[in-house]
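Worksheet: one structure, shown below.
A short reminder: the numbers here are calculations on the coordinates, not readings from a lab. Keep in mind that what you see is a predicted model, and the values were worked out from it rather than measured. Note: ideal-geometry Cβ built from the backbone for every residue, glycine included; neighbour counts use all protein chains shown.
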């Protein structure tokens with residue numbers, strides 16, 4: 001299990017009663033998010049299902065339809081990613097700072113590893129999760145996982161790690177102070193920027 005973007009784990013399952021896993025997530029630069037993702041894709045969420053994965057473990061499995069591969073190699077039409085936590089019957093495991101994709105959403109997802117199971121499959125948790133939303137004029141723009149329109153992404157040196165801010169976005173990702181979709185970054189522009197950074201950061 002790797003720990004990109006994860007500083008500490010504090011509390012785990014105690015019993016069959018509702019339990020919590022507390023986490024602290026470090027803020028990354030946008031280039032860190034791009035560089036540490038094995039696979040980046042635009043996708044649509046087809047299904048979200050929680051399952052028991054052990055006597056004291058629950059994971060939520062999210063199935064995506066792959067619409068566009070932005071980084072990495074993947075030949076399937078769909079992919080399933082696993083998130084720690086969820087509810088099965090009267091058993092529940094809650095993970096702080098965990099934002100699950102919702103059924104029907106479309107977005108760009110930065111997957112840390114296609115081989116290793118993570119607590120959260122995306123680089124930097126919410127920092128690797130971006131929504132694509134159409135405004136009233138049919139223009140597709142990009143939002144953070146917390147549904148905040150993104151105005152721009154600046155690429156600059158990242159001084160030092162710190163705790164993830166309340167917006168839940170990587171350093172350099174500029175969100176709108178007011179949710180004004182008209183000036184938000186277009187989905188096409190965001191994907192083009194990611195492809196550019198992939199090329200720039202390639203060894």
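List of remarks:
- Calculated FRET efficiency for the pair residue 137/residue 99, C-beta based, R₀ 22 Å, to 0.05: 0.20
- The stretch between residue 115 and residue 165, if pulled fully straight at 0.36 nm per residue, gains 15.1 nm over its current Cα-Cα span.
- Reference-scaled alpha-carbon Rg (2.2 N^0.38 Å with N residues) for the range 6-201: 1.02
- Shape category assigned to the range 99-203 from the gyration tensor of Cα positions, a/c cut at 1.5: rounded
- Modelled FRET efficiency - R0 25 Å, residue 195 with residue 78, Cβ distances, 0.05 increments: 0.65
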